[in-house]
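Everything below concerns the one structure shown next.
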Amino acid sequence: MAPDTQAANRSPKRDFVGIDDLSNVDIVALMELAAGFESDLSGQTHVLSGHILGSLFLEPSTRTRLSFESAMNRLGGRVITTSEIRTSSLAKGESLADTVRTIASYSDVIVLRHPSPGAALLAAEYAPCPVINAGDGGHEHPTQTLCDLYILRKEKGRIQGLVVILYGDLRYGRTTHSLAVALCRFGASVLCVAQKGLELPPYVVARIVRDLGYRADHVVLEGLDAFFRRPRIEALLLAPDGGEGPGAPPEDPRPLPMGGRGVDAIYVTRLQTERLRDTAPGEPLPCIDASFFRSEPFRETVILHPLPRLAEISYDLDMDPRSAYFRQAAGGVPIRMALLAAVLGARSLPDGGPVTVRGGGTATDRLCPDPTCVSRIEGHYVKPSIVVDARGIARCRYCETNLA
Ligand code: NCD
């Protein structure tokens, strides 16, 4: 339920909670705006002078937090910050709703990172100023996706028609959830190569299949033995070629010869050990090393990683021009400058910029089954969050978990 504060404030509040809060047209416009800022990073201090960003990071962060803060400084704005639960009133038991309402009275925009999936949506419902999601548990990380699309478009000249591998922990790696949806919205094909037990969550696949008409097909990749050194590499192929058929079932994956197929990018993720709880994942996937580029489909593959890297990519590849992960991190400043300028109304976008619209549905009195969901963590004031939509699908409004 939206509180009174929001009802009273009817002017569009430009929250950026999930990647679907921005249209494709606006994402492209943001990338163009970012390119303009990037060409003269130190000449933009007039854009947001007098504005204050409230930065609330309740999980570790290097790139997201510092690039947001750098972006705000580059635009001439100022930053106030709380980076630890233990130094804020959350440690005294204050609710997230009360915390963000207070921070909103000290700042013009809130950037929130929080360990609970759905926290950014809850914050957006209560804060009278715009809220930007800088990562909510294992759910979404939409501003990282803007960085990912920005670098991909720079490196490859387009997004439509690209073939991109998502690699590693696709279950808890929140960046891959926002990115898979965005890539499919732009017409790319996505091959999900997950560590066993860490596959892309069903609600992400369902969104791509149902809303975008994509096909999700279980496949066995052929012709990649030189790199994988194992006979069977299972993957989920998300392809824009007709959503009618059910696709191959998991128990009967179809062979996918990779011979003549160039892979444009591989997006590598680390194992999200902090979120594993009772999951015991299978054997790790091979480290991306020099042998990777020796497989024919990978000769021109750009390597991306949201960072931090653990042992997924060999340091030997860092100087290779196809390794784009540090350029990807650097792009975080201009793209976040563009987002902040749009959210705070200093720049307009063709479709009006980010705004959180969450479809309704019939509310039930069931609890979200995910004990880490913000609706459970902040359960003393959040109304039950399970809604049944027009298709009869029951899901949590906050973390989007689908119920059987
Ligand atoms: C990612 C995150 O926090 O989800 N990092 C980032 O924001 N660049 C990825 C990760 O922590 O593995």
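Just one residue in the set Leu221, Leu237, Leu271 is in a strand (DSSP E or B) and closer than 17 Å to His177 by Cα; that residue is Leu237. Among residues of the range 7-27 being at pLDDT 95 or above, farther than 13 Å from Ala342 by Cα and among the hydrophobic types (A, V, I, L, M, F, W, C), the one that is nearest to the ligand (Cβ to nearest atom) is Ile19. Filtered by the rule that a residue be surrounded by 23 or more Cβ atoms within 10 Å (Cβ to Cβ) and within 16 Å of the ligand (Cβ to nearest atom), the range 296-311 gives Ile303, Leu304, His305, Pro306. Pairs meeting the criteria (first residue in the range 105-117 and over 11 Å from Ala127 (Cβ atoms) and part of a strand (DSSP E or B), second residue polar (S, T, N, Q) and modelled with pLDDT under 95, beta carbons under 7 Å, at least 6 apart or on different chains) are Arg113/Ser61. For the range 367-399, a residue qualifies if it is of a type outside the set (A, V, I, L, M, F, W, C), modelled with pLDDT under 90 and surrounded by fewer than 21 Cβ atoms within 10 Å (Cβ to Cβ), and the qualifying residues are Lys383, Pro384, Asp389, Arg391, Gly392.
Do you know which residues across the range 155-194 are within 16 Å of the ligand (Cβ to nearest atom) and hydroxyl-bearing (Ser, Thr, Tyr)? Spell out the reasoning first.
Of the range 155-194, the ones within 16 Å of the ligand (Cβ to nearest atom) are 166-182, 194.
Hits for the range 155-194 are Tyr167, Tyr172, Thr175, Thr176, Ser178.
When the residues of the range 64-88 are filtered to those that are buried (at least 19 other Cβ atoms within 10 Å of the Cβ) and within 16 Å of the ligand (Cβ to nearest atom), the one that is nearest to the chain's Cα centre (by Cα) is Thr64. In the range 349-360, the residues that are without any contact (Cβ under 8 Å) to a residue 60 or more places away in the chain reach residues that are β-branched (Val, Ile, Thr) with C-beta atoms within less than 9 angstrom, at least six apart or across chains, in these pairs: Gly359/Val387; Gly360/Val387. Note on the range 180-217: residues that are among the polar types (S, T, N, Q) and more than 25 Å from Tyr150 (Cβ to Cβ) amount to 1.
The values are calculated or read from the model by the stated rules, or taken from the named source; none is laboratory data. Note that the coordinates shown come from a computational prediction; the quantities given were computed from them, not determined experimentally. Cβ coordinates were reconstructed from backbone atoms using ideal geometry, including for glycine residues, and neighbour counts include every protein chain displayed.
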